[in-house]
Structure formats: C-alpha cells, structure tokens
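Here the structure comes first, spelled out in structure tokens, and everything after it is commentary.
The values are calculated or read from the model by the stated rules, or taken from the named source; none is laboratory data. Here the structure is a predicted model, which means the values were calculated and not measured. Because the Cβ atoms are built from the backbone with ideal geometry, glycine has one as well, and the counts that use them run over all protein chains shown. Areas reflect the complete protein model, heavy atoms only, side chains present, ligands, DNA and RNA absent. Shrake-Rupley method; radii C 1.70, N 1.55, O 1.52, S 1.80 Å.
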Amino acid sequence: REVESIQHENIVAVGALLEKISKFLRQHETSSPNPKDCTHTVFGNYFDWWMHETSTFKLAIAEDNTCELLHKYIGDLFELGIPLTLCEKRTPQIRLCQDIEIWGTKETTVSSEELLRPEGMVMRTLGKAMWEMYPPSQERQFLDVVVFDSTGFSKTKGVMKTSVRLVWSDLIVDMERALRIRDFVVFKFKRVVDEEIKALEARVKEYNKDNEWHSIFGDGIYRGKHDIRMPLCDRISPAPLKRPENRPLKPFGVIRFLFEDGVYQDPKLRYERDGLMAHQWLKEGSIRCDLGSLITECTVPKLLEEAPRSAAISGMPLGIGGAPRGQRKSQTRGGSDPVMPARRRDPQTIARKEKHTIEREFAGTVREFKQKLLEAGLLEKDMVHDDKCLVWKHEGDSEASVEFRACSNKVYVSGQAHQCKRMLSVISFVKTVGEMARSTTGYSTRGTRTAGSGYEPSDVYRPSCIAPSDAPSIDFSSTSLGGTVRTEASTLPMQVVTRFFEPTGAGELSLSIGDRVKVICDPPESQHNFHRWVYGENKNTGKTGWFLRSCTTDAEEQPAVGSASQV
C-alpha cells in the first residue's frame, strides 16, 4: 500500500510516525515462525508496508504499556486510512464476543443500523437471552456491549455482507462456555414469534439460503482455524487477490441493557462512534485476558445443562477436537486404534482442482483495461503488458492469472475453480461472451496461460446459440459450427466421460467421470478439433447441452466407470 503521500490534519509529521510504527512492530516480531510467546498475528500472512523481507507475520506483545502503545498506533493508522491487518491469539479465557454475519446480494444487504437499533427486536431478543444467563444482581444492574461494524462488499463471494462484532467487555468466558452461550442465543432466535424477527429471517433467506440463525451467529470466532481480527483492523481477501478489503472493524457504539426498578428496560445507545478515542475502542474491544482470569459467574440454562451441544442446535459437536467430552479416544500402551487405509480421493474433487480457463470480453484498450484493474484493487507491479496484451498474475501464486488481448477484446481468467470465481467477482466489469460464459478445463497447473495453451475451443466450433431440448430436429447448420453437421444418431458413437466438466453458462452440459453421453451434433470429420464443442445428451442425467469433446472418449475404447455392466 502506498503511504508516502498520506496527510492528516491532526498529525503533523506523518512520515516520522510511520517510521516509528514500523520500527515498533518489527522490534516485536517473533524470531521463529511458531513461537510460544506469540500474542498477535498478521491476517492471512499479508506482506504489509511495515515488514522486512524475512517477516514471521507474528508478534509478541504482552506487557500492559506495550499493548497500550500498540492500541495507539493501530488507532493512528486507522485515522490515516491505512488500517493494520492484525489478529489476536485466543487466550484460555477471553472476553465474550459474538460475530453476526449475513450474506447479501451484489447490490444490497441488511444495514448495520437496522440490525443494531436499540429499540429493534434483534437487540431486545439478544438482551433478554443474555439476561437469562447473566441475571441482574446488586453488583450487576446493566450489561454493556461494545459494537464494531465492517459491513460492505466481500471479495470472498463477490456480494455485500453484513459483518458485526459484539464484545461484552465485562463478561469473561472460556471456549466451552462461549459455545454454549452461542447455542442458547441461536435457540432463542429460532423460537421467536415476533413479526419483525420473522420478516427479517425471510428476507435474509431470500438474499442467501445459507442465512440461518446458526450461521448468522456463527461459532468460527471460538473454534475457527484463524485468529480473531482486532478492532480497527482490516481483513485480507483470499487468494488469488490477497489484498485488504477496505472493511475494517469500525466503532459503531456501546449499547447498554439496563435492569431498573425490577424491570428490564429497552436497550439504549450509550456511546456513539465519536464517544470514545480510538485507543479506548481498542482497549474495550480486544478479547485477550490475563492468564488465570476468573470466569464470570453464569446461570447455565437447564436446556443446555442437561444435554451436550448437538447438531440440531450448533451444527457441530462440542470441543475444538471435534468429539464430545467423554468420547475422545486416548493413546494407550497397546497403541491407538489400527490405522485405516486412506480413502480414495473423489475423481470429481480432483477434477475441480485442475486448472480452468473462463473467457470473457472487454470492449476497450489495454490502457483502459489496466485502469479498471487498478480501480478494482489489483496492483500494477503484478501486471505485464504492451499495446496488444496485458497479463495480471499475483506474485507468488502459480495458479491464478488474468489475460486481456486487445486484438480480439477477449479476457481469459485462469486458475482453479474457486480462484476463477473470486477473480470474476473482482473484475465484474467484464462481459460474458455472447451472453454466456465459456469454461474449459486443462491439465496444466503451473505457469501463465499463453495463446494455444489449455483447452480453449476453436472459434470455428464455438456454438453461438443454445439448442432446446428437441436438439436433434434443429438445423445446426445455421449456428456458428459452420459447414454440414452430422445429425444421424446411428453414426455418432456413444461417449464415456473421462474428465469432469462443470458448466459456467446457460446451455452447457454437466459431466461427471464415468457418465455415458450420446453425441447429437458434431462438426464434420475434416474439421475435427480435439478441443471442439459438441452437443449431446447425458444418458445418466437425461439432460442435453454443449460440452468439450476432449472431456470424453469413445465407449468402445474405454468402458464406463461404475456402469451397470461392471456391477
């Protein structure tokens, strides 16, 4: 990230401050990649501006005065618009924290203002659930929750996402208690009959079918493989982009749940964003606790006390190790259970990890395409170009690339299937070819894609229209296949699928290894191209569509995998 030109009205010498912060962070880096004294990590091992070439991406900051200085520097960088990307390592006891995450569409999602309205039913339902577990007493007449918001466009899925962090700074828990509290909150929301909650539930399911209460209040913050992102810090998008998403955890406010005169009061917004200084937000929103901190006394609901965490409530069994307490296997003098032979890998899973190339179009010059990439957050140092062609390839990533050829206005996105999907969400300004995407699969898994590599079909055989279900009766000579096309079913051999083919556009046919396919439309023998597009019917699924001839072979040459004749 470029930081030399940054200025701020409240900071006189920005350059000197950046040098001081860089020196502080480097001095507190650990000397080895896996140290026991590590307290903080860098999100996704992102190589940020303050690091040296041999960075371990881990920090050891434990003393109170050092933590306060770290909080100050994080706050300064947040105000400068270049937030750090730091995470906290979990301690045995942590402050109770909850993540609320809702997937939206490309255009919209639930706003944090709507979700966090103190008078709204979401906050009122959450407050009642918390009061059941932490009932009022002479010492506890209120519960305060510190709220952070990072709602915005997620480059992981290419859609808007509601992301809210709640930190109950006065409540100390261990991992097991945090999971049970989360289960009880989910349980309460599932059984709410209020119309406002039901309307919200129906709406978010329209956005994304995965928006269930057990995923909205996820448990990844307690048991996930990643550390917990710090307040005022940004997250890093997954490979191949590996860039800050410009969605730092910004302060939203402090909401107070009050118990007064024997009555639960409606929640109130105690502090707004400007109510506290940046370092104060960090102090209240950090989750690490001193070793040996006492867990806050809690009234465990009878529902959760009598039964272990179950898939019906949480979706996962209790415990970071995966097995409920009392069911974990232990090593004995006689050895553990015999080692089971490794299960054969699914051919379809292997195929999905092969390199794909997806074709798109961009009506413009190389210079205009480069400008669009820069606006999307890609770095110029990762681009190689001249007047005719531009290639973007992430440094250190041998899989994903984007190539634009000005002579044909074609854009080729290459990589594994999940990498292509993420890159397409980033370069959403490109258009599909003829209103449909063309995806091809190749064996190559290393190096940048060049002309003629992979399994790109010839333009001569690329279908320009999609045949309906009555394809055999269609006059295929009117399509872009060119020439006379054989359509007599008796002259076309049955095919067996040898390579997985996943459709990316309308009219394409899904193929799994071992499927038997009847070719309905194929170019004449004199124009045969091994990587041509053909039209056929998948006998296993009964569906028809276009697919790559190179994904199949004649049935006479190779028997169908898993066919009835082999049973």
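Overview of values
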| read-out | value |
| --- | --- |
| Rotationally averaged projected area of region 209-296 (alpha carbon convex hull; nm²) | 9.8 nm² |
| Residue pairs, from the table 198/431; 23/250; 20/250; 155/198, whose Cα atoms sit over 32 Å apart | 198/431 |
| Spatial extent of region 90-156: Rg and Dmax, with the Cα atoms as the point set, Å | 15.2, 49 |
| Theoretical gain in end-to-end length, residue 226 to residue 290 [0.36 nm per residue, Cα-Cα removed] | 21.0 nm |
| Chain lengthening between residue 379 and residue 60 when straightened (0.36 nm per residue, less Cα-Cα) | 111.8 nm |
| Distance histogram in 10 Å bins (all Cα pairs of region 191-258, percent per bin) | 15, 28, 42, 14, 1 |
| Nearest-0.05 FRET efficiency for residue 502 and residue 554, computed from C-beta distance (R0 35 Å) | 0.95 |
| 494, 130, 277, ranked by accessible area, largest first (probe 1.4 Å) | 277, 494, 130 |
| Contour excess over end-to-end distance, with Cα ends at residue 51 and residue 32 and 0.36 nm allotted per residue | 5.3 nm |
| Region 153-248, accessible area per residue, ligands and nucleic acids excluded (1.4 Å, Å²) | 38 Å² |
| Rh by Kirkwood over Cα pairs, then Stokes-Einstein D for region 154-275 at 1.567 mPa s and 4 °C, µm²/s | 75 µm²/s |
| Per-peptide average of other Cβ atoms within 10 Å, ordering 380-392, 544-556 highest first | 544-556, 380-392 |
| Protection proxy ranking of 180-188, 138-146 - average other beta-carbon atoms within 10 Å, highest first | 180-188, 138-146 |
| Förster radius 35 Å - calculated FRET efficiency between residue 194 and residue 68 (Cβ-Cβ, nearest 0.05) | 0.25 |
| Interatomic Cα distance distribution for region 38-174, bins of 10 angstrom, percent | 9, 29, 34, 23, 5, 0 |
| Gyration tensor over alpha-carbon atoms, region 10-111, equivalent ellipsoid semi-axes in Å | 25, 21, 15 |
| R0 of 45 Å, Cβ-Cβ distance residue 543-residue 117: FRET efficiency to nearest 0.05 | 0.40 |
